[in-house]
Amino acid sequence: VPNNTLKTELLDLQPGTQYNISVAAHSNNKLGVDISDVIWTQIGEPELPEVPMVISRNKGQIIIRLSPATNNNGPITAYQIVVLYEDCGHPVTVSMLKSFKEAESDGLHCYITAELDPKDLKDEFVVGDGRMYGKYYNPPLSPDSLVHVTLGIVSTLNNVTKVRYADVNHEEHGVLVLNVGDNMQDVDEGSSGLVIGLSVAIGICGFLLLLSVIAYCMLRRHLGRRRRSLDHQELSLQGPMVEVEPNGYIHNGYIPEEEEERVNHYENLKRQVWNIPRNFLDVNSDVIGCGQYGNVMKGTVQQKGFPIPVAIYTIADGDLPSEEKKSMLKDVGILIRLGSHTNIASLVGTCENPDTLFVVIEHHPASLKDVLLESRCLEHVVAPFSVQTSLSDTSRTRQRLCSLTETQALETAIGIARGMDYLTSKRIIHTQLAARNVLMADGIVPKITGCGISRYNRYRENPDYTRWTAQEIFRGRSHVSKSDVWSFGCVLWEITAIGGTPYGDVPTAEVKGKVMRGQRLPQLQYVDDDMYQLMLECWQLDLDERPTFQEITHILENMLEDNTDIHFKFDLFTGFHYEPYLPEYEQCQP
């Protein structure tokens, strides 16, 4: 702005959002020291909620169905349920809505019957059940009157509260809820002259207002073009946005440069994913990892009124060179192409800031590696023997190797196989499949991560995937889907080894040579031949002899359904020792 500017207006800010505003003097020589302040924008009027649906009417009660509301203009801090009797007979303003006791005292035929916290909102609500909801009493309804019910949204932030109610206009009963204050005047319906005069005045004012709006829109459009060209000049990459060939694989971020169509990558991206409002996204200061394009932070996103834990990729897009921007958008495109699957950590959406692009990804704090290692506890559990030797032996106590059951471990392997089969169907090659890259939702549902932009390293970690690498990669060949099958065999071994490091007795520098000479991970003493044979098939030299992930899934599902054979057993036995977990062998050494 010019040096004589004392104030300026910042446009297009999100309501109810915290901004860090910095001001610095700029001369021909250098940029001065900036002064910054953290400022909240005021919340806006909540969005219009849906009118509750009446399910049934009983004597003294009405059962209604409620729908969770969305509000891009601020947080939803409460829901209010309002009762209006048909004999209300006049417009109802927001300030007229009070508790039942106050309304009864003031002779009003409308009142707030309940105030609900968003997390307590249920699909159905009983109006007139005689209970307290917040500070409001929900009294039984008068059985002799027709009652209408509406829903209101309360939004409060920084001591500012705004409320908006669903439009309930029952003209046959003269009942109307107005989302305005008390700045209303009584209009004498018989004063037709006054009505005509007001109508003419309103018409003239409306015409002038229309002209003003048209002029404003034209000016705003002209200025907006200039501002957008500055805001998105870095993100509007004009190189080719390449679609993957129907018969081609994506090597986790690699897309062949063949299309010539020039498009605006960033605008294309915004049309394909959820553009998350900034006030819906809470970015914590905890850095959980580092990716190719920036840090990955822990945070939450509001979905259907509830905070969902996510990983937030913070990308300073203005600082990225053109080629890195292109690569970043392609990596986001991989997750878009993936869509949603139970066993894949999926893309939630993106969020724009003036200097940062947030890419929001499904996140769960514990990896399969973490769960396996934490389950290494020798504790007593009661498990009946399949064969009882005497009547007194109805149950015995066995000492266990880990807190996971064999069924849980096998179901985890099946989930990973299903997720990898889905990746294969989308022609995407992972290249870094390992237990550390499988997140565990609620500790039981495996979700593969590390695809496209979701690939990042945990804070202060630099993983080495040599021990999971297929032998053909050591020979200089490119990754293919069957290379991921080899890695899956290593993950299956990790599961049965309860988190042990593959080739724990071999230094990393020697793994490549030993694998190329035919050494494979050993059969553990408590793993049967069928399970180990599946691992060996994943490690075949001939790629055509390795099973597909669809075949692996069927084999593991049959093992789970077969109750006669136990394919691995986590019961303690004489001479048992855990396969060593050696974190230094799983990290790149400086």
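What is the gain in length, in nm to one decimal, between SER285 and CYS588 on full extension, counting 0.36 nm per residue of separation less the C-alpha to C-alpha distance?
106.4 nm
Under the rule a/c < 1.5 gives rounded, and otherwise a/b versus b/c splits prolate from oblate, where does the stretch 521-586 land using the Cα gyration tensor?
oblate
Can you compute the modelled spin-label distance between ASP505 and VAL200, with each label point 7 Å from Cα toward Cβ, in nm?
The answer from the label model is 10.4 nm.
Between TYR137 and LEU13, with labels modelled 7 Å along Cα→Cβ, what's the label distance in nm to one decimal, could you check?
My value for the distance between the label points is 4.4 nm.
Let me know the whole percent of all Cα-Cα pairs from the stretch 430-502 that are separated by more than 19 Å.
Of the Cα pairs, 37 percent sit more than 19 Å apart.
Return a whole-number percent for the relative contact order of the stretch 416-488, with Cα pairs under 8 Å and 6 or more residues apart as the contact set.
37
If you stretched the chain out fully between ASP562 and SER322, how much longer would it get, using 0.36 nm times the residue separation minus the C-alpha to C-alpha distance?
My answer for the length gained is 80.9 nm.
Find the centroid of the Cα atoms in the stretch 490-530 and in the stretch 39-68, then give the distance between the two in whole Å.
58
Compute the FRET efficiency between ILE21 and ASP129 as 1/(1 + (r/R0)^6), taking r as their Cβ-Cβ distance and R0 = 56 Å, and round to the nearest 0.05.
According to the calculation, E is roughly 0.70.
Would you mind getting me the FRET efficiency between ASP117 and SER36? Use the beta-carbon distance for r and R0 = 45 Å, nearest 0.05.
Calculated value: 0.80.
Using a cut-off of 16 Å between alpha-carbon atoms, which lysines can reach LYS101, once sequence neighbours fewer than 8 places away in the same chain are excluded?
Here the lysines satisfying the reach criterion relative to LYS101 are LYS135.
Report the FRET efficiency, 1/(1 + (r/R0)^6), for LEU208 and THR342, where r is their Cβ-Cβ distance and R0 is 56 Å, rounded to 0.05.
0.45
In nm, to one decimal, how far is the ARG475 label point from the ASN58 one, both placed 7 Å along Cα→Cβ?
Modelled inter-label distance: 7.4 nm.
Anything over 29 Å Cα to Cα? Flag those among LYS330/LYS514; LYS119/LYS326; LYS298/LYS512; LYS325/LYS369; LYS325/LYS447, in the order listed.
With Cα atoms farther than 29 Å apart: LYS330/LYS514; LYS119/LYS326; LYS298/LYS512; LYS325/LYS369.
If I stretch the segment between GLU86 and ASP370 completely, what's the gain in nm (0.36 nm per residue apart, minus their alpha carbon distance), one decimal?
96.1 nm
Express the relative contact order of the stretch 368-586 as a whole percentage, based on alpha carbon pairs under 8 Å and six or more residues apart in sequence.
26
Could you order the peptides 489-496, 51-58, 77-84 from most to least packed, using the average number of other C-beta atoms within 10 Å per residue?
Going from most to least packed, we get 489-496, 77-84, 51-58.
How high is the relative contact order of the stretch 29-169, in percent, counting Cα pairs under 8 Å that sit 6 or more residues apart?
33
FYI, it's all coordinate maths here, none of it is from the lab. All figures in this text were calculated on a predicted structure; none of them were measured in a lab. All Cβ positions, even for glycine, are placed from backbone atoms using ideal geometry, and neighbour counts span all protein chains on display.
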